[in-house]
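The values are calculated or read from the model by the stated rules, or taken from the named source; none is laboratory data. None of these values were measured; they are calculated from a predicted model. Positions of Cβ are backbone-derived with ideal geometry, glycine not excepted, and every protein chain shown enters the neighbour counts. The accessibility values were calculated without ligands, DNA or RNA, using every heavy atom of the protein model including side chains. Shrake-Rupley method; radii C 1.70, N 1.55, O 1.52, S 1.80 Å.
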Amino acid sequence: MAESRQTVSETLAGIAERRPVLAPVLNAFAPLLEARAALPEKLAPMLEKSGFVLPPWQQERAQQGAPLLAGVSLNGLFPLLRASADALLPLLGRLPGMAEHTEALTAFFDREDMCLRAADTLLTGHDTALAEAAEQSNIPPAVLLFALETVVGPVLRTLAATYDAPWDERPASWMQGFCPVCGSYPSIGYLDKRVFDEKNAFLAGGGGKKHLHCSLCGTEWHFRRGACPSCGWEGSGVMEFLRESGNSRGERIDWCTKCKSYCPVVDLRERDGTPDMDALALGMMHMDIVAAQKGLIPLKPSFWNQF
Ligand SMILES: [Zn+2]
Ligand SMILES: [Zn+2]
């Protein structure tokens, strides 16, 4: 999208101002989110050096629902993973309940074979391999998964950023509710703003198209509003949404009446500026609590939405 986004800290400051009760949690996560957002720029030259390239987009594979990185090994990207771990593990260790695992996690990300094998499981969804790695390294599986996503994410973002055209400009070729690059489920979605044609000063589009945001690799893609990203059901009455009364600034939860999965969504037509989506996903945790009380399941489990 054309409009520039707020930074992580700008977004978090805006949330804390409106919801002071969240300030301690936002402050705890801020250094990690900021460091993650800054990493791709530092990793880009390393990626170039590695010679690792994103496979080309293939219409046929996309129509079959295969993400670009499906079946691709991250072999060769260890220097980037290592750099990411060096930058992020110390910050991860400052989060509540994480300090006691820092030593084991640091040792884990020092070992190329283990680290790469585990990173590949994020792309294959091979949970048993991840559980085995967790057991071998004496790290609780949920902690290892969170650390892996934290460390691998910026590397995948650096890779995804080399893709030359926005995914949104490829309508119809990707119909899935999971990411076209890495296959991960979205952590948040947004309805886009009205588009003005500056030359003509006419409204060029009414906005309101739904986009999903991959928290792992940062890719965003268009998705049908009446369809569930999880089970694929589509039609009137399948998707419902929950929002707070009063000025919610477009923040809501879209949930599926068929499979009970949900995803936070922000309607950008109801607010000024465009937030950093990863920071806003964290800042909407009060909606995660409402969803949990309703028995809904997060489409993308995060460190803060497992109740
Ligand atoms: Zn992705
Ligand atoms: Zn569903």
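For this structure, a couple of remarks:
- Residue in the stretch 234-246 that is in a loop (DSSP other than H, G, I, E, B), at pLDDT 95 or above and within 16 Å of ligand 1 (Cβ to nearest atom) present: no
- Helices (runs of 4 or more DSSP H) enclosed by the stretch 1-114 - at least 3 residues per element that are outside the structural domain of A279 (by TED's automatic domain parsing), touching a residue at least 24 places away in the same chain (Cβ under 8 Å) and surrounded by 14 or more Cβ atoms within 10 Å (Cβ to Cβ): 8-18, 23-50, 78-92, 102-110
- Given (1) modelled with pLDDT of 95 or more; (2) farther than 20 Å from I297 by Cβ; (3) open to solvent by less than 10 Å² (accessible area, probe 1.4 Å), index of the condition E251 fails: (2)
Residues checked against (1) open to solvent by less than 10 Å² (accessible area, probe 1.4 Å); (2) assigned by TED's automatic domain parsing to the domain that holds C214; (3) more than 14 Å from ligand 2 (Cβ to nearest atom); (4) in contact (Cβ under 8 Å) with a residue 12 or more places away in the chain:
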| position | (1), (2), (3), (4) |
| --- | --- |
| S245 | no, yes, yes, no |
| C259 | no, yes, no, yes |
| R271 | no, yes, yes, yes |
| T274 | yes, yes, yes, yes |
| M277 | yes, yes, yes, yes |
| M285 | no, yes, yes, yes |
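- Residue ID - nearest to ligand 2 (Cβ to nearest atom), chosen from residues in the stretch 287-306 that are open to solvent by 50 Å² or more (accessible area, probe 1.4 Å), in a helix (DSSP H, G or I) and free of Cβ contacts under 8 Å to residues at least 24 places away in the same chain: Q293
- Hits in the stretch 115-138 (condition: assigned to a helix (DSSP H, G or I), exposed (fewer than 13 other Cβ atoms within 10 Å of the Cβ) and either among the charged types (D, E, K, R) or within 23 Å of the chain's Cα centre (by Cα) (or both)): D127, T128, E135
- Taken over the stretch 215-234, the residue count meeting the criterion of being among the hydroxyl-bearing types (S, T, Y) and either more than 14 Å from ligand 2 (Cβ to nearest atom) or buried (at least 23 other Cβ atoms within 10 Å of the Cβ) (or both) is 2.
- Given (1) at pLDDT 95 or above; (2) at positive phi, index of the condition A201 fails: (1)
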